1. Would you mind getting me the FRET efficiency between Glu288 and Val147? Use the beta-carbon distance for r and R0 = 25 Å, nearest 0.05.
2. Sort all Cα-Cα distances of the chain into consecutive 20 angstrom bins from zero, then give the percent of pairs in each bin up to the one containing the longest distance.
3. Quickly work out the Val177-to-Glu234 label distance, labels modelled 7 Å from Cα along the C-beta direction, and quote it in nm with one decimal.
4. If I take R0 = 35 Å and measure r between the Cβ atoms of Glu371 and Lys272 in this structure, what FRET efficiency does the formula 1/(1 + (r/R0)^6) give, to the nearest 0.05?
5. Could you tell me the distance between the Cα centroids of the stretch 231-308 and the stretch 27-55, to the nearest Å?
6. Can you show me the helix-derived [θ] at 222 nm for the chain, built from DSSP H runs with n ≥ 4 at -39,500 (n - 2.57) apiece and divided by the number of residues, rounded to the nearest 500.
7. With a ≥ b ≥ c taken as the square roots of the eigenvalues of the C-alpha gyration tensor of the stretch 42-200, please select rounded if a/c is under 1.5 and otherwise prolate if a/b is larger than b/c or oblate if it is not?
8. Taking a label point 7 Å from the Cα of Arg73 along the Cα→Cβ vector, which residues of the stretch 16-43 have an amide N closer than 20 Å to it?
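The values are calculated or read from the model by the stated rules, or taken from the named source; none is laboratory data. If you're wondering where the values come from, they're calculated on a predicted model, not measured in any experiment. Because the Cβ atoms are built from the backbone with ideal geometry, glycine has one as well, and the counts that use them run over all protein chains shown. Ligands, DNA and RNA are stripped out before the accessible areas are found, and what is left, the full protein with its side chains, is counted by its heavy atoms. Shrake-Rupley method; radii C 1.70, N 1.55, O 1.52, S 1.80 Å.
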Amino acid sequence: MNVKLPVREVHAREILDSRGNPTLEAEVVVENSVTGELACGRASVPSGASTGQFEAVELRDGEVRYFGLGVRRAVGNVNAKLREALLSQDASCQRKIDERILDCDGTQNKENLGANACLGVSMAAARAAAEALHLPLYQYLGGIHTVRMPVPMMNILNGGKHADNTVDLQEFMIAPVQAESFAEGLRVCAEIYHNLKGLCREKGLSTGVGDEGGFAPDLPDAESVLSLIVEAVEKSGYAPGHDIKIAIDAAASELYDKRAGCYCFPGESKMKGKQVLRSAEDMIAYYEGLAREFPLFSLEDGLDEEDWDGWQQLTKRLGNRLQLVGDDLFVTNVKRLAAGIQKGAGNAILVKVNQIGTLTEAFAAVRLAKENGFGTIISHRSGETEDAIIADIAVAVNAGQIKTGAPCRMDRVAKYNRLLRIEEELYPGR
């Protein structure tokens, strides 16, 4: 039986994200050609604070309202141009839907319609198709290959652009590498998170949280952060380096001063009373020292997004010991990932669908990564919504890990809860 799913309606609206800023929500309605039933898919688009300069363009209004961050122009592009391009198109083929979106935009970086407009419709179309076929989204996107649950890389302490504290590196995460199920791993991480809060209280540190729900105390350097996390792991009854390993997102592009040609650590400088500057060589040596002293297994964006030479050296020196993840370096872009593979820069990619603008392009980046032995991590953004679509995407592509914040704030927890439901469907009785 050949089922077609012609698009009957496309609509978008302006909503708010987890930071109280506007973002775009799209709806696509399709019709099942066999049953005549209508199905609606809805998706909302996240937004990053720490963004790579090579990301697809997020279209903002630049007006007085919402401090210039409104998305009415992107909404208008969905309700007019994308609606016209997609009406009567068959949503059962995601690639063709996304090709229509790309043709309608006509630019490499989505600067015409906006990546937020393109992605909202791309995701909503996939969800509508899954609904029309009565399939869970992860199965619709991944087919019979949906067999693997991702390991959570849970952000439990925030810094950098994600928090108003003195911690310069952006994220410190834990991964329950010995957990026998996703549910067990989530429990382990949540216990450590709560014990970390208790330790912060005992030490007179702030228990306020950053954008992604991790705690955001003032601490002098990365060593202090990592020591505190190790203490929380041990207090929870787990063995650092065995049960739990630690990941860092340095977001080094945010620290790099092009004029000075070095990395500036303002928080560490403030806490230590002297200016702290590091060259690329210093940064690599710094990470080597942290990896010797603490149970690190993953380092994201360890150097600036344009420092290919530095990334090559970083990979040569630490690539056999650590997962070296390109976020700002690769921006979910096949061309940049291919360059990294050719140059030997990094060994894993962070996949953020809003960096590229359509599901088809994001899946192409995952495919290229896997074909070349690169790890894949599906990621949220610091400005999130209640939409849990990245949970389905992580399972659909059999991603090794997922980054979606702390077990705090429903914009983060929604993704974890969705994964719990998926695991129950895939492995009943586990």
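1. 0.10
2. That works out to 27, 58, 15, 0, in percent per bin.
3. 1.9
4. 0.20
5. Cα centroid to Cα centroid, the span is 36 Å.
6. -11500 deg cm²/dmol
7. oblate
8. In the stretch 16-43, the label zone of Arg73 (backbone N under 20 Å from the point 7 Å along Cα→Cβ) covers 16-17, 21-26.
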